[in-house]
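Report on one structure; see the data block that follows.
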Amino acid sequence: MKLNSDYSLELIDDEYVLIHSSADEVDFSKVITFNEVGAFIFNKIKEGKTKEEILDDLVKEYDAPKEEISKDLDEFLNDLIKNKIVYEQ
């Protein structure tokens, strides 16, 4: 996975907000915010970790069954890919 370099994640008023680098391409009616787990995943992708490494890190960090975390991770990554925030390699 590779992040679209046009996006950065910022913490604004205790909320993680995904910001596009080009203001003329931003649709403010569709602001993307992440919770703490989403930001955790985003930052792991930014570090260059694989899906499997991210899953392992999530299992270590959060107290939930691996199968549930894996399912949620798949859904989150699919949303990022669909919105061209992350590219599959």
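A short reminder: the numbers here are calculations on the coordinates, not readings from a lab. Source: prediction; values computed, not measured. Cβ coordinates were reconstructed from backbone atoms using ideal geometry, including for glycine residues, and neighbour counts include every protein chain displayed.
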| note | Inter-part gap, Cα centre of the stretch 58-89 to Cα centre of the stretch 1-23, in whole angstrom, is 17
| said: Ignoring GluC sites (Glu not before Pro) that are buried or in helix or strand per DSSP, and keeping those with at most 13 other beta carbon atoms within 10 Å, what is the longest stretch of the chain between them? | reply: 1-46
| 3J(HN,Hα) from dihedral phi, the stretch 37-46, Karplus parametrisation 6.51/-1.76/1.60, rounded to Hz, x for glycine, proline | 5, x, 5, 4, 5, 4, 5, 5, 5, 4
| request: Could you list the chymotrypsin sites (Phe, Trp or Tyr not before Pro) in the stretch 45-89 that lie in coil according to DSSP, counting only those with at most 16 other Cβ atoms within 10 Å of their Cβ? | output: TYR62
| request: Using θ = phi - 60° and the Karplus relation 6.51 cos²θ - 1.76 cosθ + 1.60, list the HN-Hα couplings for the stretch 70-76 in order, rounded to whole Hz, with x at every Gly or Pro. | output: 4, 4, 5, 4, 4, 4, 5
| message | For a quick check: with amide H placed at 1.01 Å from N, whose amide H comes under 5 Å from ASN4's, ignoring anything fewer than 5 positions away on the same chain? | response | VAL86, TYR87
| message | Restricting to DSSP loop positions (anything but H, G, I, E, B) with no more than 14 other Cβ atoms inside 10 Å of their own Cβ, which trypsin sites (Lys or Arg not before Pro) remain in the chain? | response | LYS84
| the chain, helix-only ellipticity at 222 nm - DSSP H runs n ≥ 4, -39,500 (n - 2.57), divided by all residues, nearest 500 | -14000 deg cm²/dmol
| query | If eta is 1.567 mPa s and T is 4 °C, what Stokes-Einstein diffusion coefficient results for the chain, Kirkwood Rh from Cα pairs, in µm²/s? | reply | 95
| note | The answer for TYR16, listing residues at least 5 apart or on another chain whose modeled amide H is closer than 5 Å to its amide H, is PHE34
